[in-house]
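Nothing in this text is a laboratory measurement; each read-out follows from the coordinates by a stated rule. A quick note: this is a predicted structure, and the numbers were derived from the prediction, not measured. Cβ placement follows ideal geometry from the backbone for every residue including glycine, while neighbour counts extend to all protein chains displayed.
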């Protein structure tokens, strides 16, 4: 099996910058920390007014790992429409990005997978007004060995070995909420029957997907965007909306950003029609979705 | 084999050692046999062949025990030959004390425990190592090290003794000390003994027969006096001159 | 007037070396210092009161000891063979066996999955009944052995090479078969060096994180070792993570001190 299949990233078809650097990069992304943080939260919307300043030629965007493909596409487009401007993407787990901004990193924009982290930064005066720009939906992913047995979410207890995110990371918390909802909506003790088959609680969503993609585990819960471009043999099963939980992604200009005008231009691109199309292509749901 | 009668060590070995073509035949029994010769003549290689550490053609036997016979494809492994080997500076077991070195030797030779400790005590006394029995070998003098190496070779009750320049790493004092013990040991332990040496004085003290080895071949065999009377090669002439000159 | 021994006067470090070297020393010590000063005794108590820390400590101790045992039993004959071998490919084999030391742990974990996973080449006879090695304590031991055993083998090969060949010849002549030469002579003779090497292996296994996470997963009470527990705690309770880290640092420090003492003894023998 190719190493590429284990990664959760894909190359967008458009003129995105080619960054396939072979197996080592793919492997390292397995250890990428939980950039998939996302929590349901009250949306806060407010456009940021650009402060006039000297000519800006650089933009530093901090973004959660799950945004990699979408933001790389946008980087290319942004640079095309802003000649002479160089955009740098810093992709990492939301927790890491948050820690770096708290330590005073000179970022211009933060796009987080986690509303709670973003709100905390906002309260602490580290970022300006935040806006939800996308949502992400957990899905059930099933290895090829178990595809026959597990065809709907209700079949999950029939999977032999199940991996979930740990309760410390958002995807793990969502999974538990979904299982609790399933207890009420599908069958009593659904959660207990699933948990009897849980063999590992992974510290990030990449690990969950890798274990299922390699066939070590038969089923796991990851984000919709994770399985875009993954092994076509993987079964991807939607979680019924009445029990599912949808993650929200907020974006904001960093307080004291060195390039505030470019920062708001970037946020406009993300929130605009073009940005929404790119995000939808990557598997994200629209910000207005339930 | 009667008490003081020594068994006969007979060897006829051939083999290549690097560029040297070694072809040596000898017998020895009643006296120690000193092997002398210039550097690179094959003296140590000959010992290695007798020990079984180096392959060779030919035949090696002690009494009725055949250690090597290329005709019948007999080649006893080193550990089954029961030869008491003393290398140049002892090569003691560095992690053990004096008694431990002898204890390990008897264990490796599978000597029964009771018998082993009796032999060890006897040899500690014979080689005057009793007072040093618990001393780490790291703290022994050169002479003491060689005495212990000698005791270790003897403690397995060997069928023959092979000594590779046992005195050459010692200073004059240590040399005299060990040589005295060596003479007594060879008297008390009636086994064939082969001693590689550079020193004609050692040969005289040991009252040894001499086998001269040059470029892999035996060039002369006889007592020191025989050698002095009619040296067969310039090397022999120089060798005996060194001792007679003093 | 100056009573220092000559060697001191000759080789005493110059000021430039001291100054430049101190920079690196600072770089190495500052994080440890940060870890220690940030900890409050109450954090330490909190960590020790947490059942998941105890369970992780237990799993860590059991798996690392099994790893050390497995490495000792299998690694010693391997190192002995490599050190004594005159086979021409031996140096190349030795080099390749060192690879896991320099591989990123994530690569090690993926490699283990590819080799011993359910779709790997050995799956047929490894998993006749449809079980899996991943997510088990055995997988933890294998992951640790993969990354840590080469350290032992490396140390043991170096030690075996230092043995005076004549001592081995004497031992053979005294009656040691090749096997007893290893067990009764070479191993006891090098005991300090071998213990030091196995301690390094054990310490590396104790710190193993990446390969374990990939190959064995993270399940409290089953495969969650101390480093995995620390990583997990980082997501929720930084204080516990910090305190647990200090426990790990202390254990590692003790091992290093023991290793140093044994190395001293080993040098005395050499």
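A few remarks follow.
- Using R0 = 35 Å, the C-beta based FRET efficiency linking residue B:217 and residue C:162 works out to 0.40.
- Max-minus-min Cα coordinates of segment A:138-238 on each principal axis give 34, 30, 21 Å, with the largest extent listed first.
- From most to least packed by mean Cβ count within 10 Å, the peptides A:70-83, B:89-102 give B:89-102, A:70-83.
- Average beta-carbon neighbours from other chains, 10 Å sphere, peptide A:212-220: 4
- Sequence-separation-based contact order of chain B, relative, with Cα cut under 8 Å and 6+ spacing, percent: 26 percent
- Inter-chain Cβ neighbour average for residues B:87-100, partner chain, 10 Å: 4
- From the alpha carbon centroid of segment C:19-41 to that of segment C:61-99 is 35 Å.
- Our Cα-only numbers for the protein assembly as shown put the radius of gyration and Dmax at 38.2, 119 Å.
- Acute angle (nearest 10 degrees) that the helix B:172-188 long axis makes with the longest principal axis of chain B, alpha-carbon atoms: 90 degrees
- Rg over Rh for segment C:192-237 works out to 1.12, both radii taken from alpha-carbon positions and Rh defined as the Kirkwood radius.
- Reduced Cα scattering model of segment C:1-140, Debye log10 I(q)/I(0), q = 0.21 Å⁻¹: -1.28
- Largest-first principal axis extents, alpha carbons of chain B, Å: 49, 49, 37
- Other protein chain Cβ atoms within 10 Å, averaged over every residue that makes up B:80-86: 3
- Taking only the alpha carbons of chain C, we obtain Rg and Dmax values of 22.3, 82 Å in that order.
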